[in-house]
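> Let me give you the structure first, and then I'll get to my questions.
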Amino acid sequence: MTILGWEPRLTTLVTALTGEGHLRSKEWIDAFAATPRHLFTPDVFVTSANGYRRLSGDDPADRDEWLSLVYSDESLVTQDKPHAAGHILPTGEPLRVPTSSSTMPSLMARMLEALDVRDGMKILEIGTGTGYNAALLSHRVGDRNVISADIDPALVHHATKRLTDLGYTPTLIIGDGAAGAPEHGPYDRIITTAAIPEVPSAWIQQLKPGGKILGNLRGDLAGGTLCLLTHDNDGEVIGPILPIGGHFMWLRPDPADPHHPHEHTPTQRRWPSSRTTTPLSPADLPVDDEAFRFLLQLQLHGAQSLYRGRAFDPSTRRERDAVIATAHDGSRAEAFTEPEPEGAYQIVQSGPRRIFDTIEITRHLFNDLGRPGPDKFGVVANDSTQFVWFANDDGWYRWPLPLI
Ligand SMILES: C[S@@+](CC[C@H](N)C(=O)[O-])C[C@H]1O[C@@H](n2cnc3c(N)ncnc32)[C@H](O)[C@@H]1O
């Protein structure tokens, strides 16, 4: 089927990405201008009241909306699967979760610019998805220098066909990208468009000296952290977290399972709770501040959620406003935001750890360090140790990886 009217839309998108400073180099501007995104995203899923709605380029009724979306600076969900817990929506449909997407073009542009690619470099991409980024990479360094892996056979199958139609035959691999692709390495660059809680050691081993890894280090509290790690010749990769926000879906080990293993809810166990008080108002906690959430993610291993909500207060036997925090080991804290009659604030905690104590310490540390954003931190990783550092890699502050 022929799609009409995409060329001016592609030109407009590339002009906008350039004008806004996401695309900076001629090589990447040319790659974006030569790659029709709609060929890689024939069907997309848009959120609707009932979960996701499919928009298809094949359907004349959808076509205009689909084409506008494809050439907008939006991330596009291109595959979804039923939630493993079997949740059912009020409509009776199963809840579905996104399992593949075409990354927002401005984010892809910023990542590719940051990757510092030169002619002839060999590049491993983890997360082939639609094949769109593999096409951009193939344009930039030549398809024989591009290796791309995805856990999902169907995605690799479709991406192969789309890339071939455009005249590219990079090496596409079906498998867990955490293992890299040793048979085609070593690599000058490894780029991942799926999130990792730590750096897979296979990637470090498959990188050339001086080579770089660009990936999204993620926990459940804070995920938008892209780090650029350089191989320092000592079998170690080291580098900063970039001032680029980018959230990706998890690198998951099982193609049939849409979740990362840690997302499967552990057996719910009832823990006795304890009550303490704090003089500091929980309402003042910077719950929505990405920088605070990032530091808390480092401080509180396995942190799962931090939000404002309603919690049952055992002392008054009614629901009240609270800041609620949970961790994957079952630890939970509820900090009530209205003061008690004596002026302090009540905290109810349960589970193996007193996680609100860590939250309080982190609140002080966050202020002491000058409320730093993630780009004030960096990562170092070798075969045996990985950690996040603050300010510099031999300073006082270090937190071990993985984040979950
Ligand atoms: C954001 S999408 C990738 C977008 C892609 N680069 C593009 O241009 O369309 C993330 C992809 O990571 C893949 N993925 C998840 N876990 C993986 C794993 N363990 N190994 C390789 N790919 C994985 C998903 O199947 C999904 O296609």
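> With the Cα gyration tensor of region 114-177 giving a ≥ b ≥ c as the square roots of its eigenvalues, does the rule (a/c under 1.5 for rounded; else a/b larger than b/c for prolate; else oblate) give rounded, prolate or oblate?
Values: a/c = 2.14, a/b = 1.39, b/c = 1.54.
Note, shape of region 114-177 comes out oblate.
> Would you rank His22, His364 by solvent-accessible area, highest first, keeping every protein chain in place and using a 1.4 Å probe? Before the final figure, lay out each step's value.
On the way: His22 35, His364 95 Å².
The ranking, largest first, comes out as His364, His22.
> OK, next. Report relative contact order for the chain in percent, whole number only (criteria: Cα-Cα under 8 Å, sequence separation at least 6). Spell out each step's value before the answer.
Values: 848 pairs, mean separation 44.5, N = 404.
Relative contact order here is 11 percent.
> Using DSSP to call loops (not H, G, I, E or B), can you name the trypsin sites (Lys or Arg not before Pro) in region 297-401 whose Cβ has at most 13 other Cβ atoms within 10 angstrom? Please report the intermediate quantities before stating the final value.
Numbers: sites: Arg308, Arg310, Arg317, Arg318, Arg320, Arg332, Arg353, Arg354, Arg363, Lys376, Arg398; in loops: Arg317, Arg353, Arg354.
Qualifying residues, ordered by number: Arg317.
> How much of the accessible area of the chain, probe 1.4 Å, is carbon plus sulfur, in whole percent? Write down the numbers at each step before the final one.
Values: 9330 of 18060 Å².
On the chain, the fraction of accessible area on carbon and sulfur atoms equals 52 percent.
> So if I take the alpha carbon set of region 1-144, get Rg, then get Rh from the Kirkwood formula, what is the Rg over Rh ratio?
1.02
> Expressed in whole Å with the largest first, what are the equivalent ellipsoid semi-axes of the chain derived from the C-alpha gyration tensor as the square root of 5 times each eigenvalue?
On the way: eigenvalues 314, 141, 74 Å².
Those come to 40, 27, 19 Å.
> Classify region 1-74 as rounded, prolate or oblate, taking a ≥ b ≥ c as the square roots of the eigenvalues of its Cα gyration tensor: rounded when a/c is under 1.5, otherwise prolate if a/b is larger than b/c and oblate if not. Could the numbers behind the result be given before it?
Values: a/c = 2.71, a/b = 1.73, b/c = 1.56.
It is prolate, given that a/c is not under 1.5 and a/b is the larger ratio.
> Now for a separate question. Mean residue ellipticity at 222 nm from the helices of the chain, using -39,500 (n - 2.57) per DSSP H segment of n ≥ 4 over the full residue count, to the nearest 500 deg cm²/dmol?
Calculated mean residue ellipticity at 222 nm is -6500 deg cm²/dmol.
> What is the extension gain from Asp284 to His184, computed as 0.36 nm multiplied by their sequence separation minus the C-alpha to C-alpha distance, in nm to one decimal? Each step should come with its number before you reach the end.
Details: separation 100, 0.36 × 100 = 36.00 nm, distance 5.20 nm.
Length gained between Asp284 and His184: 30.8 nm.
> Next question, about the same structure. Looking only at region 182-204, which residues have a backbone nitrogen under 15 Å from a spot 7 Å from the Cα of Asn382 in the C-beta direction?
201, 204
> To continue, here is another question. Among the lysines, select those whose C-alpha is under 25 Å from the C-alpha of Lys376, and discard any that sit fewer than 8 residues away in the same chain.
Lys212
> To the nearest 20 Debye, how big is the dipole of the chain about its Cα centre, given +1 on the beta carbon of each Lys and Arg and -1 on that of each Asp and Glu?
380
> Is the shape of region 271-401 best called rounded, prolate or oblate, per the rule: a/c under 1.5 gives rounded, else a/b larger than b/c gives prolate, else oblate, with a ≥ b ≥ c the square roots of the Cα gyration tensor eigenvalues? The partial results should precede the final answer.
Values: a/c = 2.75, a/b = 1.89, b/c = 1.46.
It comes out prolate by the Cα gyration axes.
> I'd like to know which of Phe387, Gly330, Ala291 lies farthest towards the positive end of the charge dipole of the chain, counting +1 on Cβ of Lys and Arg and -1 on Cβ of Asp and Glu.
Checked the options; the winner is Gly330.
> If a paramagnetic tag sat 7 Å from the Cα of Arg118 along the Cα-Cβ line, which residues of region 12-43 would have the backbone N under 15 Å from that point?
No residue passes the distance filter.
> How much accessible surface area, in Å² rounded to 10, belongs to the heavy atoms of Ile404 with a 1.4 Å probe?
Roughly 40 Å² of Ile404 is accessible to a 1.4 Å probe.
> Near Lys208, which lysines are there with a Cα under 19 Å away, not counting those fewer than 8 places off in the same chain?
Within reach: Lys122.
> Here's another thing I want to ask about it. Roughly what % antiparallel, to the nearest 5, for the DSSP beta bridges in the chain? Don't skip to the answer; put the middle values down first.
On the way: 60 of 79 bridges.
Restricted to the chain, the bridges split so that about 75 percent are antiparallel.
> Return the FRET efficiency for the residue pair Ala49, Asp73: r is the Cβ-Cβ distance, R0 is 22 Å, and the value is rounded to the nearest 0.05.
Calculated value: 0.35.
> Can you tell me how much longer the chain between Asp232 and Ala256 gets when fully stretched, taken as 0.36 nm per residue apart minus their C-alpha distance, in nm with one decimal? Let's see the in-between values first.
On the way: separation 24, 0.36 × 24 = 8.64 nm, distance 3.69 nm.
Full extension from Asp232 to Ala256 adds 4.9 nm.
> Let me ask another. Along Cα→Cβ, 7 Å out, is where each label goes; now give me the distance between the ones at Glu319 and Thr276 in nm to one decimal.
2.8
The values are calculated or read from the model by the stated rules, or taken from the named source; none is laboratory data. Owing to the predicted nature of the structure, the values given are computational and were not obtained by experimental measurement. Glycine also receives a Cβ, built like all others from the backbone with ideal geometry; neighbour counts cover every protein chain displayed. Calculation scope for accessible area: heavy atoms of the full protein, side chains included, ligands and nucleic acids excluded. Shrake-Rupley method; radii C 1.70, N 1.55, O 1.52, S 1.80 Å.
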